[in-house]
Every structure is written in C-alpha cells, then in structure tokens.
Amino acid sequence: MSEPVRFRDGGADVPPELARLFAAGTKDLPSDGDLRRLAARLGPVLESPAGGSAWPGWATVGKLAALGVLVAGSAVFFALNFGPHTPRPPDVPDSVPAPPEVSPAPSVVPPVMSAPVAGDAAANGSAVPLGSSAPSASSSSRPNAASTRPAETEAQLLERARTALSADPARALALTEQHRAHFPAGVLAQEREVIAIEALKRLGRTDDAAQRAAAFARRYPNSAYRKKLNTSLP
Amino acid sequence: MFPLTLLKPGAASTVREVFDEHAGYVWRTFRHLGISEADVPDLCQEVFVVVHRKLGEFEGRSSLKTWLYGICLRVASDHRRRAHVRNERAHAEPGEHLAASGSFGPDARVEARAELQALLAELDDDKRTVLVLYELEGLTMKEVAEVVGCPLQTAYSRLHAARARMLEVLTAAREQGSER
C-alpha cells in the first residue's frame, strides 16, 4: 500500500490552504526560550546517562537523602537533595494554594503500604491492574482535589508532594495518595512511590518505608530507582 | 523532517542528548494532539522523566523517534482521561479561520497554529493521532501503526478518514466564506 502524498507537499487533490497550514505546522516548533525553560525545569536529569544510573550529586547526599526524587511540577522536576536546605528552583511558583490537610494514619501501615504500586502503564505500554489497592485511610473524607485543582497535572501534584517533604512529610505522603487516586495509571507512579517512601522514612516509619520499598522492587524490578532505594534503606 | 536517531543497545546516550534532538518535536506533538499550551511544558517534563527512567531499557528495536512518540501518546492519553480536560481542544471555529484566511498576517505563526488546531479538533483522538504523526511529524505509516499500536491497515483507514474529514471541513469553510 503506497503512502499518500502528505498535505504539506501539496498535490493535485490537496487544497492550497491545507498544504499551507500543514506546512506551517511542521515548522511550528517551540521557541528557544521555551526549550531553555523546559531544560531548566528538568535540571540535572538531563545530564544523567541513560537509565539514570548516575545521578548528579548522588554521592554527596546523606543516606536518607540518597533516595533522591525526581518530580517536577509546573516547574522543576528533579530534586536529588531532600535536605531542608535544598534550594527550590527559582522558577517554581507555588501559586496553587495547598489543599486541605490530610492526616495519614499515625502508626499502622497505611493502606497505601499494602496496595500494589500503581502501574506506570503509560510508560510500559500495558494496562496494569491495581489489584486490591485499598483506599487510603483518609480517602473517605478527603476532598476531591481534582475539583479544587482542575488543571493540576501529575507533575504539579508530585512537585507539591516533593516540596512538602522537608517541612511536612505527612502532607507529602497524603499528596502521594492523592496522586495514586487521581492518576492510577499515571506515568509518574514510580516517582510517587519514591516520594512516599521518603516521606515514610521522615515520619519515622522505617518499617513501612521498607515494606513499600520492597513492593516497589517487586513491581519495578528493573527500575532505575531500585538500587538507590536499596542503598537508602536499612 | 524529524531528525531520526537510531539508538542501538548499549549506545552511550544521555537524556540531554535525547532532549536536545527531540524536545522541540515532543512539544509540537502535544500541541497538535490538542493539549492546551499551558499544559504542554508539564507534559513534556513527564515525557523526559519517563525517558530518564526508561532509556536504559530501550533496546533499539524501534527507532528512538517512535519510542518517544509512544511515550507522548500515552502521556497525552492519561492527560485527556481526566474528565475536565477530555474535551480540551482547539480554540477556534475552523470555518471562521479558514474562511477568513488568505495569507498569514503579522502574527502568522500563531494564527496558522490556531487554524491548524481548529482543523485538527474536528477529528476524534484516534484519527487525529494518526494524521498528526503522518502529516506533521513525518512518520511512515508503518511507524505510525507501531506507535499507535494498531494494524497497518487500521492506521491507513484512520488516515484516509482523517484526510477526508479535513477536506470536508475545508470545503464547508470555503462555502461559508463565499456566502459572506
């Protein structure tokens, strides 16, 4: 079967208007400024080798910080240093008001711990059932974040979670639950889990963190984060 | 034409290299798939986060280009799946743009983009995706079928239907313009 002449290349049966619009469309690339800003948001991830096997600054962060999280929101995505002094990228406005607080379960393993890691079906190209994932302990009372943040993307939600890690890991954990609820097959499921594990550690719930890390390893045996998680947990 | 890069297994490559070569095309693809301009940067970020995570597993069975487009489509699909953005489309009536347009004005690029997006908004997601990948991104139909994950014949059917719809809309716009 032969491929038809593309609109942009014209042809006897292609109206000039169509050829003109499609030709223009092929040249409609973002500006250099757009791409520079995008690169700035991605930060050090751009310098990582394939598979993220060598993250910048990895050796310099402490054992806890070694989890490293990449999550960019409306702005930046990778933040490897979780420490309280980690500077926030300058172009990350926190213009979206914080959602109502959600208190995670204080001492028991929360439902999210026993739930399978939500699939990154998008990245894998296959549907991943969520299995017996239970709602979070607070899900029944949790407001519908989507209704209050109708345009929030996965990246934005996880960036809020990442940003909350240092000062309020409980909120960070709650935000990862929101992500799981709203993006059950989101492409950033792995990043969400890394944030959640770090949040659990910061809450002193090391057993929970270890269990969740183990679930992560089962779900994503080839993940670039797995080694980092292994080295950061007791 | 999209600069085609074939990554072979074990090839030294960084996300930076992939970004430098393809970020503009990733951005443009989201535009053409009907993602609002405000959300395009975030979705591009999601793509390159996935690239960072997955690049080491990329086996070179397909071109990097088709691999990347596959990620784009899935990210866009996830984005659309949310009810409040599902109907997010182009912002203009195709008839208005096409009937009035003869040549690009001072802000020709933006105007042409709006016209094109209005046209593409006439298509459902399946047809639109095939049309965008073939007509605008320059993939072969075999590559389109691979990225979309459908039989080649299905991809052709969608392309033909999409092209026919484009011509239909254009004809209607012309008639509308001639009546004014």
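The values are calculated or read from the model by the stated rules, or taken from the named source; none is laboratory data. This structure is a prediction, so every number in the text was calculated from the model and none was measured. Cβ atoms come from the backbone with ideal geometry, glycine included; neighbour counts cover every protein chain shown.
Only a single criterion out of (1) surrounded by fewer than 15 Cβ atoms within 10 Å (Cβ to Cβ); (2) of a type in the set (A, V, I, L, M, F, W, C); (3) touching a residue at least 40 places away in the same chain (Cβ under 8 Å) is not satisfied by B:Leu170, namely (1).
Okay, residues lined up against (1) among the hydrophobic types (A, V, I, L, M, F, W, C); (2) modelled with pLDDT of 90 or more; (3) within 11 Å of the chain's Cα centre (by Cα):
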site	(1), (2), (3)
A:Glu159	no, no, yes
A:Ala174	yes, yes, no
A:Gln178	no, yes, no
A:Gly186	no, no, yes
A:Ile195	yes, yes, yes
A:Pro221	no, no, no
A:Tyr225	no, no, no
A:Ser232	no, no, no
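Of everything in region B:112-127 that's surrounded by fewer than 21 Cβ atoms within 10 Å (Cβ to Cβ) and assigned to a helix (DSSP H, G or I), which residue is farthest from the other protein chains (Cβ to nearest Cβ)? Among those that are surrounded by fewer than 21 Cβ atoms within 10 Å (Cβ to Cβ) and assigned to a helix (DSSP H, G or I), it is B:Asp126.
Residue-by-condition table, conditions (1) in a helix (DSSP H, G or I); (2) under 24 Å from B:Arg80 (Cβ atoms); (3) touching a strand residue (DSSP E or B) at 6+ places or on another chain (Cβ under 8 Å):
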residue: A:Ala181; (1), (2), (3): yes, yes, no
residue: A:Arg192; (1), (2), (3): yes, yes, no
residue: A:Leu200; (1), (2), (3): yes, no, no
residue: A:Gly204; (1), (2), (3): no, no, no
residue: A:Ala209; (1), (2), (3): yes, no, no
residue: A:Ala213; (1), (2), (3): yes, no, no
residue: A:Ala224; (1), (2), (3): no, no, no
residue: A:Lys227; (1), (2), (3): yes, no, no
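Residue count for region A:1-40 under the criterion of being within 19 Å of B:Ala161 (Cβ to Cβ) and among the aliphatic types (A, V, I, L, M): the result is 5.
Just the residues that are outside any helix (DSSP H, G or I), at the interface with chain A (Cβ under 9 Å from one of its Cβ atoms) and surrounded by 21 or more Cβ atoms within 10 Å (Cβ to Cβ), please, taken from region B:128-144. Full working, then the answer.
Let us first name the residues in region B:128-144 that are outside any helix (DSSP H, G or I), namely B:137-140.
Then keep just the ones that are at the interface with chain A (Cβ under 9 Å from one of its Cβ atoms); that gives B:137-138, B:140.
B:Glu137, the sole residue that qualifies.
Annotation: A:Asp208 fulfils all but one of (1) within 30 Å of B:Leu68 (Cβ to Cβ); (2) away from chain B (no Cβ under 11 Å); (3) buried (at least 23 other Cβ atoms within 10 Å of the Cβ); (4) charged (D, E, K, R); the unmet one is (1).
Please enumerate the residues belonging to region B:55-72 that are at the interface with chain A (Cβ under 9 Å from one of its Cβ atoms) and surrounded by fewer than 22 Cβ atoms within 10 Å (Cβ to Cβ).
Taking region B:55-72 as the starting set, the residues that turn out to be at the interface with chain A (Cβ under 9 Å from one of its Cβ atoms) are B:55-58, B:70-71.
Those that are at the interface with chain A (Cβ under 9 Å from one of its Cβ atoms) and surrounded by fewer than 22 Cβ atoms within 10 Å (Cβ to Cβ): B:Gly56, B:Glu57, B:Phe58, B:Gly70.
Considering (1) surrounded by fewer than 24 Cβ atoms within 10 Å (Cβ to Cβ); (2) modelled with pLDDT of 90 or more, the lone condition that A:Ser166 does not fulfil carries the number (2). When each of B:Thr171, B:Thr129, B:Thr154 is tested for being among the polar types (S, T, N, Q) and within 16 Å of B:Cys72 (Cα to Cα), the lone residue that passes is B:Thr129.
For region A:22-36, enumerate the residues that are touching a residue at least 12 places away in the same chain (Cβ under 8 Å) and either more than 7 Å from every other protein chain (Cβ to nearest Cβ) or part of a loop (DSSP other than H, G, I, E, B) (or both). Don't jump to the end; show me each part of the working.
Kept after step one, since they are touching a residue at least 12 places away in the same chain (Cβ under 8 Å), are these residues of region A:22-36: A:22-23, A:25-26.
Correct list: A:Ala23 only.
Can A:Ala19 be described as at the interface with chain B (Cβ under 7 Å from one of its Cβ atoms) and either at pLDDT below 75 or surrounded by fewer than 18 Cβ atoms within 10 Å (Cβ to Cβ) (or both)? No, not satisfied. Counting only residues that are in a helix (DSSP H, G or I) and either facing chain B (nearest Cβ under 7 Å) or crowded, with 19+ Cβ neighbours inside 10 Å (or both), region A:2-16 holds 2 of them.
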